[in-house]
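Structure first, then comments.
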Amino acid sequence: MASTPWRASIAAPSTLRVCRCALMAALALALAALESLIPVPMPVPGMKLGIANVVTAAAAFWLGPVDVAVVLGVRIVLAAFLTGQLATLPFSIVGGACALAVTLAFVRFSSPNRVRLAAMAAAVAHNIGQIAVAVAVTGTPEIAFSLPVLLVAGIAAGFATGTVAQAVLDRIPHAHATADRGKRVRA
């Protein structure tokens, strides 16, 4: 009997794409879980450093828009279940969607060297989205008074996560070539 040859050229890009997404989602989830275990005193309730956003920022510039959306969605949902913070899910989804939209705009319309700036803008968008949800859920517009503190903290956290994400991307072979300004290129 003749055997059918394995077609690596057909299976490899899809398999590689799934593996990259799974790896990035697992890493982001591990960082989110680690961050939830380390108590860091913050001036506003619910404020955190967002170290898992290093993975999201790097994935946006490396994987492409659909893949990073999958990585972010998996991380948000699984982190809520893993940490037992299901009540934070609407805040995380809206904040994450706002941050992702801003990040993808940077990927599409700027150079790959703008990871730090994209992360800072994404942090601001994330905070604005979360405050909007908080105001809508609670019916308390006074919650928006914490926004200036969140924006300053978000810019600082975005600077830090963007710096680390840029360093990660600089060490991934062909990372900037695969982003191709927001369009997925088969590796």
Discussion item. I'd like the FRET efficiency for THR163 and LEU82, computed as 1/(1 + (r/R0)^6) with the beta carbon distance as r and R0 of 22 Å, rounded to 0.05.
Written reply: 0.25
Worksheet item: In Å, what Rg and Dmax follow from the Cα atoms of the chain?
Response: 17.9, 75
Worksheet entry | Equivalent ellipsoid dimensions for the range 18-62 as semi-axes, Å, which come from the Cα gyration tensor, largest first | 24, 11, 6
Discussion item. Debye calculation, C-alpha points only, no solvent: report log10 I(q)/I(0) for the range 22-117 at q = 0.11, 0.20, 0.22 Å⁻¹, in the same order as the q values.
Written reply: -0.31, -0.99, -1.15
Worksheet, complete the sentence: Rounded to whole angstrom, the alpha-carbon centroid of the range 120-145 lies from that of the range 24-92 at a distance of 17 Å
Worksheet, complete the sentence: The local net charge around LEU100, scoring Lys/Arg +1 and Asp/Glu -1 for residues other than LEU100 whose Cβ lies under 15 Å from its Cβ, equals +1
Fill in: Accessible surface, the chain, averaged per residue in Å² (probe 1.4 Å)
56 Å²
Item to complete: Could you tell me how many degrees, from 0 to 90 and to the nearest 10, lie between the Cα long axis of helix 53-62 and the main elongation axis, the longest principal axis, of the Cα atoms of the chain?
Response: 40 degrees
Worksheet item: Along the positive direction of the dipole of the chain (beta-carbon charges: Lys, Arg +1; Asp, Glu -1; about the Cα centre), which of ASN113, GLY129, SER36 reaches farthest?
Response: ASN113
Worksheet item: Which value, in debye to the nearest 20, gives the size of the charge dipole of the chain about its Cα centre, when Lys and Arg are +1 and Asp and Glu are -1 at the Cβ?
Response: 660 debye
Fill in: Radius 11 Å from Cβ of ALA57, net charge of other residues (Lys, Arg +1; Asp, Glu -1)
+2
Fill in: Highest average packing first - 149-161, 26-38, Cβ atoms within 10 Å
149-161, 26-38
Worksheet item: Any idea what the relative contact order of the range 62-160 is, in percent, if you count C-alpha pairs under 8 Å spaced at least 6 apart?
Response: 27 percent
Response to the item:
The percentage of the accessible area of the range 1-154 (probe 1.4 Å, all protein chains present) made up of carbon and sulfur atoms, to the nearest whole number, is 74 percent
Discussion item. I'd like the orientation of helix 8-37 relative to the chain: the angle between its Cα long axis and the longest Cα principal axis, in ° from 0 to 90, rounded to 10.
Written reply: 20 degrees
Worksheet item: To the nearest 10 degrees, how steep is helix 65-83 against the longest Cα principal axis of the chain, on a 0 to 90 scale?
Response: 60 degrees
Fill in: Simple label model, 7 Å out from Cα along Cβ direction - ALA22 to VAL137, nm
3.2 nm
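The values are calculated or read from the model by the stated rules, or taken from the named source; none is laboratory data. Not measured: the values here are computed from a predicted model. Neighbour counts are summed over all protein chains in view; Cβ atoms, including those assigned to glycine, are modelled from backbone coordinates with ideal geometry. Keep in mind that these areas ignore ligands, DNA and RNA; they rest on the heavy atoms of the full protein, side chains included. Shrake-Rupley method; radii C 1.70, N 1.55, O 1.52, S 1.80 Å.
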